[in-house]
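Colleague: I am attaching a structure below and will ask some questions about it afterwards.
The values are calculated or read from the model by the stated rules, or taken from the named source; none is laboratory data. Because the structure is a prediction, the values reported are computed rather than measured. Ideal geometry is used to build each Cβ from the backbone, glycine not excepted, and the neighbour counts take in all protein chains shown.
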Amino acid sequence: MINRPNILAGVSHEVRTQMNSIVAFSYLINNERFSDSEKREFSEQIITSCEQLIGLFENFFDTAALESGSARESLRETDITRLFESLTSDFRVFMRKKGRDNVVLIQEDNLPEKLMLKLDTARMTRILSNLFRNALDNTFSGFIKVGCTWYDEIITFYVKDSGQGYPRSSDLLLSDNPEIQHSESQDTYSAMNLILARNLILAMDGKIRVEANDSGGTSVFVSLPARESPGLKILTGTSSENKIAI
């Protein structure tokens, strides 16, 4: 169960921080002594704070829904190859918005041109997005690799980075009580990204592996059971070649 006092204290602190930021920059944006470029920067800060608040509430409520049992799995047939391409495209846009010009995003996969699987794509998308955002939070220069493999009714996603977040990421993703690890960090938004990812993976009967990699960064592997649509096996045979995009 969630350690309510710790989580609520962290959420409350983060909400106050972001709301204060919105109020402060809203006041400054109406001050005539600032230039147009400075006002644009204030506007971007307001948007960022709003996005942080939305993400924080989504993670908190989704985690609570999982624990209460009110969140149900929603299986649907999805072209995983196309979905993975779309996700990595979204990640590139997010990186540009964050101004992370010193970080290279590398996409790797050995997927066929079309792979129709039956799984909960909404949960899968949230897991991979949260893991990517965690990697970006910890990587200010270097690389982030996102990859996907398919074998024997198991879809495996991985996110590898050259950042410095291995100890914390490992604690939050592998601990039986990740909320206790949360109390040691003041970054509630990032912590809840990982806590929700962990809870979603377990809810989907998946497995998590976290390793330190050769670059000194973190590698996170998520394996989820998934069934291929029986009528499309001819179209979705495995590929022996790895595809890499930068």
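Colleague: Taking Asp205 and the conditions (1) more than 30 Å from Met116 (Cβ to Cβ); (2) acidic (Asp, Glu); (3) more than 18 Å from the chain's Cα centre (by Cα); (4) modelled with pLDDT of 90 or more, which numbered condition does it fall short on, given that it satisfies the others?
Modeller: Going through (1) more than 30 Å from Met116 (Cβ to Cβ); (2) acidic (Asp, Glu); (3) more than 18 Å from the chain's Cα centre (by Cα); (4) modelled with pLDDT of 90 or more one by one, Asp205 breaks only (1).
Colleague: Follow-up question, since we're still on this one. Taking only segment 165-184 into account, find how many residues are more than 18 Å from Gly55 (Cα to Cα) and at pLDDT below 80.
Modeller: Number satisfying all stated conditions: 8.
Colleague: Any idea which residue in segment 64-104 is modelled with the highest pLDDT, counting only those that are more than 17 Å from Leu128 (Cβ to Cβ) and hydroxyl-bearing (Ser, Thr, Tyr)?
Modeller: Ser68
Colleague: Ok, one more. Find all pairs meeting these conditions: Cβ atoms under 7 angstrom apart; at least six residues apart or on different chains; first residue within segment 116-130 and buried (at least 18 other Cβ atoms within 10 Å of the Cβ); second residue part of a helix (DSSP H, G or I) and among the β-branched types (Val, Ile, Thr).
Modeller: Leu117/Ile80; Ile127/Ile201
Colleague: Being under 13 Å from the mean Cα position of the chain (by Cα) and among the acidic types (Asp, Glu) narrows it down to one of Asp120, Asp101, Asp109, Asp137, so name that one.
Modeller: Step by step, each of Asp120, Asp101, Asp109, Asp137 is checked, and only Asp137 is under 13 Å from the mean Cα position of the chain (by Cα) and among the acidic types (Asp, Glu).
Colleague: Against the condition at negative phi, touching a strand residue (DSSP E or B) at 6+ places or on another chain (Cβ under 6 Å) and of a type in the set (A, V, I, L, M, F, W, C), how does Leu87 come out, does it pass? First the steps, then the outcome.
Modeller: Working: at negative phi: yes; touching a strand residue (DSSP E or B) at 6+ places or on another chain (Cβ under 6 Å): no; of a type in the set (A, V, I, L, M, F, W, C): yes.
The answer is no for Leu87.
Colleague: Please go through segment 13-27 and give me each residue that is touching a helix residue (DSSP H, G or I) at 6+ places or on another chain (Cβ under 9 Å) and either surrounded by 16 or more Cβ atoms within 10 Å (Cβ to Cβ) or at pLDDT below 85 (or both), ordered by number.
Modeller: Listed by number, the residues that qualify are His13, Glu14, Val15, Thr17, Gln18, Ser21, Ile22, Phe25.
Colleague: Please work out if Val104 is in a strand (DSSP E or B) and not small (Gly, Ala, Ser).
Modeller: yes
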